[in-house]
Amino acid sequence: MVDLKGMSKHKKAEYIWDYYKLHIIGTLAAICIIFSIIHSQITKPDYVFNLTMISNISDTNKITNLESLLTNVVVKDGSTRKKARVSTMPIDISKNANLQTTSQYMQKLTAEVSVGELDVIILDKTMFESFAKQDMFLSLDNINELNLDSLKGEKVHAIGSDKKNDVYAIDAKDIVLLKKMGFDTKNKVIGIVRSTKQKYNSILVLKYLLNK
């Protein structure tokens, strides 16, 4: 049995390190992992709105700038964790589209819509008409907090599964803010996703973008 009492401090340290270094390293690693998890949870953004653009946009500076502007629209309590998120999906429905890539993004879009992760979408008119038939969008006619007459832009009607011809989107071609930032708005519409969990913020953003 080792007599630690008879050892010098230096010898004690060497002995403990030689025989327990794996335990010490393991404990320190576990502590670091725990602190890392706690820190990531504390600093993790709380996304309170999502704008998804069905477009092949790769300029991260444009996206970051738009996120900053929309965050100022939907976050009014001074919280630094709450943020608006802007995402893009390069879904191409043309004849020259890569079918595999298009299918993957279409599955992603469907999955995110089904769980209520998306709030407002800007997409091609043809694609919109197809999705409207599947009840992907809220009827803007039936939103009490939204005065359609006050919104700039051509109102886009569609027929949902209830066979009613309602306004489900607004033409995005004249959204000045997006055009100034270099986004292509030709033949695009903007609408609120039916499954949104952020209806109030979606209305705020719709008004902001169309009347800016």
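The packing ranking of peptides 113-121, 171-179, highest mean first, is 113-121, 171-179, where packing means the average number of other beta carbon atoms within 10 angstrom of each residue. Here T88 sits with roughly 40 square angstrom of accessible surface, probe radius 1.4 Å.
Coupling constants for the range 121-129 follow from the phi torsions by the Karplus curve (6.51 cos²θ - 1.76 cosθ + 1.60, θ = phi - 60°), and in residue order they are 10, 10, 8, 5, 4, 4, 5, 4, 4 Hz; glycine and proline get x.
In the chain, taking the dipole from charged Cβ atoms about the Cα centre, the farthest positive-side position among F137, L148, V176 is held by V176.
Taking label points 7 Å from Cα along the Cα-to-Cβ direction, D59 and W17 give a separation of 5.6 nm.
Could you compute how much accessible surface Y47 exposes when probed at 1.4 Å, giving the result in Å² to the nearest 10? It works out to around 120 Å². Where both bridge residues fall in the chain, DSSP classifies roughly 55% of the beta bridges as antiparallel.
Matching the structure-derived semi-axes √(5λ) of the Cα gyration tensor in Å against the labelled list (i) 35, 22, 15; (ii) 28, 19, 17; (iii) 52, 20, 16 gives the label (iii).
Using a simple charge model, +1 on the beta-carbon of Lys and Arg, -1 on the beta-carbon of Asp and Glu, nothing else, what dipole does the chain show about its Cα centre, in debye to the nearest 20? Each step should come with its number before you reach the end.
Details: 30 positive and 23 negative charges, 119 e Å.
In debye, rounded to 20, the chain gives about 580.
For M106, M127, what's the largest-to-smallest order of accessible area, 1.4 Å probe?
Working: M106 55, M127 10 Å².
Largest accessible area first, the residues go M106, M127.
Between F137 and R194, the built amide H atoms are under 5 Å apart, and every one of these is 5 or more places off in sequence or on another chain. Given an 8 Å cut-off on Cα distances and at least 6 residues of separation, report the relative contact order of the range 53-198 as a percent. Relative contact order, the range 53-198: 24 percent.
The values are calculated or read from the model by the stated rules, or taken from the named source; none is laboratory data. Since we're looking at a predicted model, the values are computed, not measured. For neighbour counting, all protein chains shown are included, and Cβ atoms are generated from backbone atoms with ideal geometry for every residue, glycine included. The protein model used for the area step is the full one, side chains on, heavy atoms only, and it has no ligands, DNA or RNA in it. Shrake-Rupley method; radii C 1.70, N 1.55, O 1.52, S 1.80 Å.
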